[in-house]
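Structure first, then comments.
The values are calculated or read from the model by the stated rules, or taken from the named source; none is laboratory data. As the structure is a computational prediction, the values presented were derived from the model and not from experiment. Note that each Cβ is placed from the backbone with ideal geometry, even for glycine, and that neighbours are counted across all protein chains shown. SASA here: full protein model, heavy atoms, side chains in, ligands and nucleic acids out. Shrake-Rupley method; radii C 1.70, N 1.55, O 1.52, S 1.80 Å.
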Amino acid sequence: MSDPITLNVGGKLYTSSLATLTRYPDSMLGVMFSGKMPSTSDQHGNFFIDRDGKIFRYILNFLRTSNLDLPDDFQEVGLLKREADFYQIQPLIEALQERESENAKAERNAMLNITLDQRLQTVYFTVKPAPQMYNLTSCSTEVFDANIFCTSAEFLKHLSSKFCYFVNGKLLPIGYEKKDPHHLTLQWVGHVAVLPEDEYTRQNLKRLWIVPTNEQVNNFQLFVEEVLKTAMSDGFHVDTLQPDSSDFMNYKVLRLVRYK
């Protein structure tokens, strides 16, 4: 067993073994730690490599296991490819190419699943019928929930661009999160004529708009029509096997598939 070796990669410290670092002798690390090329040390005597320290974690894990293990929400594939090329770890380069090929296939063959829920919510607010007089009153509003899952992150990003929230008098993006690129959750309320405009803002009641037509979504029918139009123009079609036809017609569950 060799003594542990500490590396300073871009300011981050890693400890490994000589066997791990030289697993691929033709790589830059293999050549470096075989003594065939000069190395640089930091002030503490650690081997210093002036590269991205955060991404080196995945480089080192591949050297340890020969497996490409990345989080599902990993967003720095381009950077990892550049680092793999710098370190000249050919099996890692090939694993990344295979991953890209699999992802491209997943983008072509995709599944879109939407679960819809609707409920009534009572909203309490005050009105001022006369100076120095305030009355507490209430009204009911429809609350709409849409939970969307798609195996194609690119399509889901495209779909999210078709909608905006109307908040405080402004149209705002719905907040599609890159950290969860396959899921999108929407919640909004319908328009209520008796509810003062400022109460929507005060009670954080968001309304949903279709862009660029700026059409307000006050029911699931309009929402589903826009989703279907967008999905079918991108090659999706309704799954004839699932869900149950009654759920589809009642706007409870929508499932579409795409084969390319």
Tell me, what is the 1.4 Å probe accessible area of K12, in Å² to the nearest 10?
100 Å²
Quick one: how many Å² of T213 are accessible to a 1.4 Å probe, rounded to 10?
90 Å²
Residues whose modelled amide H sits under 5 Å from the amide H of F48, counting only those 5 or more places away in sequence or on another chain, are N8, T40, S41, D42
Evaluate the Debye formula for the stretch 4-107 with equal point scatterers sitting on the alpha carbons, no solvent, and hand back log10 of I(q)/I(0) at q = 0.12, 0.15, 0.19, 0.21 Å⁻¹, in q order, two decimals.
-0.40, -0.61, -0.95, -1.14
Value at 222 nm in deg cm²/dmol, rounded to 500, when DSSP H runs of n ≥ 4 in the chain each add -39,500 (n - 2.57)
-9000 deg cm²/dmol
Compute the length gained on full extension between K170 and V143: take 0.36 nm times their separation in residues and subtract their Cα-Cα distance, giving the result in nm to one decimal.
7.7 nm
Given Cβ point charges of +1 (Lys, Arg) and -1 (Asp, Glu) and nothing else, what value in debye, to the nearest 20, does the dipole of the chain about its Cα centre take?
260 debye
Which value results when the Cα radius of gyration for the chain is divided by 2.2 N^0.38 Å?
1.49
When the chain is treated as a GNM, springs tying every alpha-carbon pair under 10 Å, which of Q216, Q90, Q118 comes out with the largest mean-square fluctuation?
Q90
What pairs from K54/K105; K81/K229; K157/K252; K162/K252 go past 26 Å between their alpha carbons?
K54/K105; K81/K229
Computed over the Cα atoms of the stretch 1-62, the Rg and Dmax in Å are 10.9, 29
Work out, step by step, the length gained on full extension between Q118 and Q43: first 0.36 nm times the residue separation, then minus their alpha carbon distance; give nm to one decimal.
20.7 nm
Length gained when the stretch Y259-S34 is fully extended (0.36 nm per residue, less Cα-Cα span):
76.1 nm
Among L254, F155, Y134 the positive-end extreme of the charge dipole of the chain (Cβ point charges)
Y134
How many percent of the accessible area of the stretch 38-168 is carbon or sulfur, using a 1.4 Å probe?
46 percent
Determine how large the accessible area of S16 is when every protein chain is in place; take a 1.4 Å probe and give Å² rounded to the nearest 10.
10 Å²
Note down the nm distance, to one decimal, between modelled labels 7 Å out along Cα→Cβ at H191 and at E225.
1.5 nm
So if we plug the beta-carbon distance of D26 and V238 into 1/(1 + (r/R0)^6) with R0 = 41 Å, what FRET efficiency do we get, rounded to 0.05?
0.20
Magnitude of the Cβ-charge dipole of the stretch 4-107, K/R +1 and D/E -1, about the Cα centre, nearest 20 debye?
440 debye
Quick one: putting +1 on the C-beta of Lys and Arg, -1 on the C-beta of Asp and Glu, what dipole do you get for the stretch 110-258 around its Cα centre, in Debye to the nearest 20?
320 debye
Rounded to a whole number of µm²/s, how large is the Stokes-Einstein D of the stretch 110-258 at 20 °C and 1.002 mPa s, given Rh as the Kirkwood radius over C-alpha pairs?
128 µm²/s
Label-point separation (nm) for L13 and S161, each offset 7 Å from Cα along Cα-to-Cβ?
4.6 nm
